[in-house]
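Right, one structure below, let's go through it.
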Amino acid sequence: LLLIPASIVGIIVFLYGCATVDQNIPSMEMCDERANITMCPLCDKTCSYWKLSTTCATARASHLFDNPATVFYSIFMALWAAMFLEHWKRCQMRLIYKWDLAGFEEEEERLKDHPRPEYEAKVLNKVLKKELQTKEEKSAEGVEEQPNKWKNRVWSAMAGVKLTEKEKLTWRDRTPAYMTNIVAVLFMIGLTFAIVFGVIIYRISIAAAIAVSPDPYAKANVRVIVTSTAVIINLVVILILDEVYGSIARWLTIIETPKTDKSFEEKLIFKAFLLKFVNAYSSIFYVAFFKGRFAGRPGKYTYIFRHMRMEECAPGGCLMELCIQLSIIMLGKQLIQNNIFEIGVPKLKKLIRYIKAKREAKLETDNNFKAPRQYETDYNLEPFAGLTPEYMEMIIQFGFVTLFVASFPLAPLFALLNNVIEIRLDAKKFTSELRRPDATKAKDIGIWYDIIRGIGKLAVIINAFVISFTSGFIPRLVFMYLYSPNNTLHGFTNNTLSYFNVSHFEQGSEPLEPMALGYKIEICRYKDYREPPWSSDAYDLSKEFWSVLAARLAFVIIFQNL
C-alpha cells in the first residue's frame, strides 16, 4: 500500500516533465538547427563531424526525467523510505501482539542457539582425531590403553550439546573455509566487473561499427541502439549469474559450518545479497557515476587497449541512458525472474518428477488401476525452499525503487504493478505448485531489516550524487545565477560546450571524411568546461568547471543533512 503514494507522486513528476518539455530552453537550443553547432567526432577515424541538432529527440526525452521536479521527488522518496521502515516496525509489533509472540524471545533464542548437526559432527570429528592422536602418542611411548566400547558409544551418543559446550571450532579450524569464502566472493565480484567491462567493449565496438554503416536511421539513433542492446545483454547475464551466485553462496556457507541455524541463515543471506546486489547494480553504477568521467578531450582521449576510445555521455548528459538502463533491468528482472521463473520452473520440475515416477512405476492393467492418493500427488510438487528467495526479490526491488529513483520516477509504479501480479502468482505457487511448508515462529524478519535500513541510508547518498553529477540540475542553476546576464537558461547549451581546433587532433585519429558535412571544419565543439584553443591556458579546466564542482559537492552535503 505504501507504493501507492510513491507511484502517484512519480506519475505527477513524469507528467510535469511532459507538460514542460516544449518550454525547456536547453532542449530547444539543442533542437535549433539555426545554431549550426558542429560537434567533434564520437570515435576516431571512422566517425565524422555531426550536428548537435541531431540529438533533438534525446534532449527532449531527457527532460521528462531531468527536470526541477526530480529533485523534489528524490527528497520525497528519501522521506518515504524512512516512513516505510517506521511503518514496518509498527506493523511488526501488531503482528507480534496478534500472534501472541511477546514472550517468544527466550524460546527463540534457546532454539536458535542449539548447535546444528553439521557443526556437532565436525566437532565430534575433531575430538576423535585428538583421541586418535593421543592414542598413537601413548602407543609410541609403550603405554597401552584398554579399549572401552561402552565409553565410546556413550561419547558418540552424547556428542551433541554437551560436547559442543566443551569443544568448539577455533579460528584455526575455520581458516581454510574463511579463506575459501573470501577468495570466492572476491572472484565472483571481479567476474561481475569483468562482464560489465566486456559490455563496455561491446558498446564501443558497436558504436564504431554503426558509424561506418550506410543506414542513416542507425547513424541517427546510434546511442539508443547501443544502449538498448547492451542493456539486454546485461539483463541476460544478470539473470544467469543470479542463479549461479545463489547456489555458490549456499555452498560457501555450508563449508563455513556456522554453529547455529540463525548464524547459518544470516551468513547465507549476507553472501547472497552481496553478490546479487553487485550483480544487479554494477552496470547501473557504471552509467551513473563513471561513464564519460574519464573519456578525456579531443586531442587527448583516454583509450582502452590503445585503440578503443572510452565512452562519452550525450550532450544532454547520461541521465536518459541511466533511465533506459534502470527501466529495462528492473522490468526484465521482475517479469522474467520474479514472475515467469517462479511459476515456470516449479511446473517444469513437477513435470519431470511425474514423468520419472511414471517410468519407474510398474505397469498396471486398467482393472487394477487406482487413482493416486493425495500424498502421492503432493510428492510430485516442488519442495518448499524457504522464504529467502521471496525476501531477496523484495529487497532488490526496494533498491530499484529508492537507489536511483531520481533517474526513473516511474519505478514505484512498475513495482506496484509487479507486486499486484506477484501476489496472485505467489498464491498460485504456494497452493498448487509447492509442498506445504512447515510453520515456524519468528518475532521479526531478522537480518533483512538491517539490509533494508542500510539500503534506505545508501539511497539518500546515491540520489544526491545522481542529481549532482549525473543530471544537469546543478550546472543549470550555476549558469542561471552566476553566468546568465538575465538569470535565464538562454545560452546554457553554448556555455556547456567547449571549443577544439581540429588541427590539434592526434596523428591518425582525425576523421577519414572531414568533408562529410559538405564544408571544411576548423572548430568543433565538445561537452566540457575547458579553455578555448586561443587562450593562453588552452584546453585547461575553466573557472566554470570549478564553480560547478563546488556547487555539486555543496548540494550533496545539503541533501544528506536535510
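The values are calculated or read from the model by the stated rules, or taken from the named source; none is laboratory data. Note that the structure is predicted; figures quoted are calculated from it, not measured. Because the Cβ atoms are built from the backbone with ideal geometry, glycine has one as well, and the counts that use them run over all protein chains shown. Just so you know, the surface numbers come from the protein's heavy atoms only, side chains and all, with ligands and any DNA or RNA stripped out. Shrake-Rupley method; radii C 1.70, N 1.55, O 1.52, S 1.80 Å.
Summary table below
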{"read-out": "The stretch 251-272 residues that are under 18 Å from LYS168 (Cβ atoms) and β-branched (Val, Ile, Thr), paired with ones that are open to solvent by 30 Å² or more (accessible area, probe 1.4 Å) and in a helix (DSSP H, G or I) (beta carbon under 6 Å, 6 or more apart)", "value": "THR257/GLU118; THR257/LYS122; THR260/LYS112"}
{"read-out": "Which numbered condition ILE240 misses (of (1) in contact with a Cys (Cβ under 7 Å, 6 or more places away or on another chain); (2) without any contact (Cβ under 8 Å) to a residue 24 or more places away in the chain)", "value": "(1)"}
{"read-out": "Qualifying residue in the stretch 542-549 (condition: open to solvent by less than 30 Å² (accessible area, probe 1.4 Å) and not in a loop (DSSP other than H, G, I, E, B))", "value": "yes"}
{"read-out": "Leading residue by the ranking (farthest from PRO389 (Cα to Cα)) among those in the stretch 337-356 that are open to solvent by 30 Å² or more (accessible area, probe 1.4 Å) and touching a strand residue (DSSP E or B) at 6+ places or on another chain (Cβ under 7 Å)", "value": "LYS350"}
{"read-out": "Residues of the stretch 35-55 satisfying the condition of being at pLDDT 85 or above and assigned to a helix (DSSP H, G or I)", "value": "LEU52, SER53"}
{"read-out": "The stretch 168-220, subset outside any helix (DSSP H, G or I) and without any contact (Cβ under 8 Å) to a residue 24 or more places away in the chain, residue most open to solvent (accessible area, probe 1.4 Å)", "value": "PRO214"}
{"read-out": "Given (1) under 30 Å from ARG306 (Cα atoms); (2) touching a Ser or Thr at 6+ places or on another chain (Cβ under 9 Å); (3) touching a residue at least 12 places away in the same chain (Cβ under 8 Å), number of the condition LEU482 does not satisfy", "value": "(1)"}
{"read-out": "Exclusive hit being open to solvent by less than 20 Å² (accessible area, probe 1.4 Å) and among the polar types (S, T, N, Q), set THR46, THR20, THR54, THR70", "value": "THR70"}
{"read-out": "Out of THR302, THR257, sole residue that is open to solvent by 20 Å² or more (accessible area, probe 1.4 Å) and among the polar types (S, T, N, Q)", "value": "THR302"}
{"read-out": "The stretch 481-509, residues that are under 38 Å from the mean Cα position of the chain (by Cα), in a loop (DSSP other than H, G, I, E, B) and surrounded by 12 or more Cβ atoms within 10 Å (Cβ to Cβ)", "value": "LEU489, HIS490, GLY491, SER509"}
{"read-out": "Selection status of SER228, more than 22 Å from ILE455 (Cα to Cα), part of a helix (DSSP H, G or I) and open to solvent by 50 Å² or more (accessible area, probe 1.4 Å)", "value": "no"}
{"read-out": "Single match in TYR245, TYR217 (criterion: of a type in the set (Phe, Trp, Tyr) and in contact with a helix residue (DSSP H, G or I) (Cβ under 6 Å, 6 or more places away or on another chain))", "value": "TYR245"}
{"read-out": "Residue selected from the stretch 429-474 under the condition part of a helix (DSSP H, G or I) and of a type in the set (S, T, N, Q), by the criterion modelled with the lowest pLDDT", "value": "SER432"}
{"read-out": "Test: residue in the stretch 391-402 that is open to solvent by 10 Å² or more (accessible area, probe 1.4 Å) and either without any contact (Cβ under 8 Å) to a residue 12 or more places away in the chain or under 30 Å from TRP546 (Cα atoms) (or both)", "value": "yes"}
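For every residue, the table says whether it meets (1) closer than 25 Å to LYS51 by Cβ; (2) without any contact (Cβ under 8 Å) to a residue 12 or more places away in the chain; (3) β-branched (Val, Ile, Thr).
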| site | (1), (2), (3) |
| --- | --- |
| ARG293 | no, yes, no |
| GLY296 | yes, no, no |
| GLY299 | yes, no, no |
| GLN325 | no, no, no |
| ILE343 | no, no, yes |
